[in-house]
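Chemist: The structure is given below, and queries will be raised subsequently.
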């Protein structure tokens, strides 16, 4: 019998029994309770430093994250820990948030909300809209494809960029490489960021990137805050040349009174892209699948760091 842990008793109930695995509760806020634990689920929305608890004793272990992003956990990962992310769990919810931010920003929803709060009827004006827009998706992985799938019925023109060029799919026939961004940006009405936070993407959206975007275009960030240079973005939106819709920011959380809150043409949501009720059944299904593999000694899926990929 192999031993695995999930954050609490509710997760044991959600996942259900898995043949060959004894499931226990451990929220990783205390030292490893049993040296025989080989698979541990990191609690959702808790400090990344808790990953370190899984390496307190000798032996290789797998830590399953419940987030798609994993950059914050890397500095705390012990050498013996293999880290897996929650690929697929947040695809739909994050894609929904990206499209929601686009539509809200383009159709003037923040202005309508403000007017309603002031009990004021706004005069009719021609809002931008999404139909016929040229949308550039920067980061064409699982979430990027989910965004593309949801945008297709809106009659947009889609272009995708990934770390390197490759053949596309039924949504985007060709995926461009990052080196092609400078020539693609001037032709995009909406730029959506879905890249992981890596040394190569930190500060990717700088003053030059923003200057290459057409006047009146919209930047949507559902990736990580530090992908965008906040000061450069404030400078570009302050003049009214660009607009932005952000689910992630740098710093995060934004401190009270931060300039982004009051910036004209900037819509901010508090990093809620994956926070829908679809999370629980999808996360439970992922854990169950991973534990079934663990029970028979198979490699886990969605490895992002650790001895099983470093060697």
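Derivation of every value follows stated rules applied to the coordinates shown; laboratory data play no part. Note that the structure is a prediction, hence the values are computed from the model and not measured. Every residue, glycine as well, gets a Cβ built from its backbone with ideal geometry; the counts of neighbours run over all protein chains shown.
Chemist: PRE reach from residue 12 (point 7 Å along Cα→Cβ): which of region 25-43 fall under 11 Å by backbone N?
Modeler: 25-26
Chemist: Additional query: Among 169, 229, which comes first, second and so on when ranked by fewest other beta-carbon atoms within 10 Å?
Modeler: With the sparsest Cβ surroundings first, the list reads 169, 229.
Chemist: Restricting to DSSP H runs of at least four residues, report the calculated mean residue ellipticity at 222 nm for the chain, -39500 (n - 2.57) per run over all residues, nearest 500 deg cm²/dmol.
Modeler: -8000 deg cm²/dmol, from helical runs alone.
Chemist: Hey, another quick one. Gap in Å between the Cα centre of region 60-104 and the Cα centre of region 228-286?
Modeler: About 17 Å separates the Cα centre of region 228-286 from the one of region 60-104.
Chemist: Follow-up question, since we're still on this one. How tilted is helix 279-295 with respect to the longest principal axis of the chain? Cα atoms for both, answer in degrees (0 to 90, nearest 10).
Modeler: Taking Cα atoms only, the helix is inclined about 40 degrees.
Chemist: Here's a follow-up. Explain nothing, just the number: relative contact order of region 1-148, from Cα pairs under 8 Å at least 6 residues apart, as a whole percent.
Modeler: Worked out over region 1-148, it gives 16 percent.
Chemist: Also, I was wondering about something else. First measure r as the distance between the Cβ atoms of residue 202 and residue 277, then evaluate 1/(1 + (r/R0)^6) with R0 = 41 Å and state the FRET efficiency to the nearest 0.05.
Modeler: Computed FRET efficiency for residue 202 and residue 277: 0.80.
Chemist: Another question about this same structure. Cut-off 10 angstrom, C-alpha nodes, Gaussian network model of the chain. Which of 117, 290, 64 fluctuates the most?
Modeler: Comparing 117, 290, 64 in a Gaussian network model of the chain, the most mobile one is 117.
Chemist: If you line up the long axis of helix 91-107 against the longest principal axis of the chain, both from Cα atoms, how many degrees apart are they, to the nearest 10?
Modeler: With rounding to tens, the tilt is 20 degrees.
Chemist: What FRET efficiency comes out for residue 152 versus residue 56 if R0 is 41 angstrom and r is the Cβ-Cβ distance? Round to the nearest 0.05.
Modeler: It comes out at approximately 0.30.
Chemist: Take the Cα coordinates of region 91-268, assign each an equal point scatterer, and use the Debye formula without solvent to give log10 I(q)/I(0) at q = 0.13, 0.18, 0.20 Å⁻¹.
Modeler: One equal scatterer on each Cα of region 91-268 leads to -0.62, -1.21, -1.49.
Chemist: Kindly put 224, 241 in sequence by how many other C-beta atoms sit within 10 Å of each C-beta, fewest to most.
Modeler: 241, 224
Chemist: Let me ask another. Using alpha carbons only, what's the Rg to Rh ratio of region 42-118 with Rh from Kirkwood?
Modeler: Here the Rg-to-Rh quotient is 1.25.
Chemist: Just 83, 254, 136 to compare: in a GNM of the chain, with alpha carbon springs under 10 Å, which one fluctuates most?
Modeler: Per the Cα network of the chain with a 10 Å cutoff, 254 tops the list.
Chemist: Restricting to bridges with both residues inside region 91-268, how much of the DSSP beta-bridge set is antiparallel, in percent to the nearest 5?
Modeler: The antiparallel fraction comes to roughly 10 percent.
Chemist: How do 42, 114, 73 rank when sorted from fewest to most other Cβ atoms within 10 Å of their own Cβ?
Modeler: So the residues, fewest neighbours to most, are 114, 73, 42.
Chemist: Here's something else I'd like to know. The chain: D in µm²/s via Stokes-Einstein (Kirkwood Rh, Cα pairs, 4 °C, 1.567 mPa s)?
Modeler: Here the translational diffusion coefficient equals 62 µm²/s.
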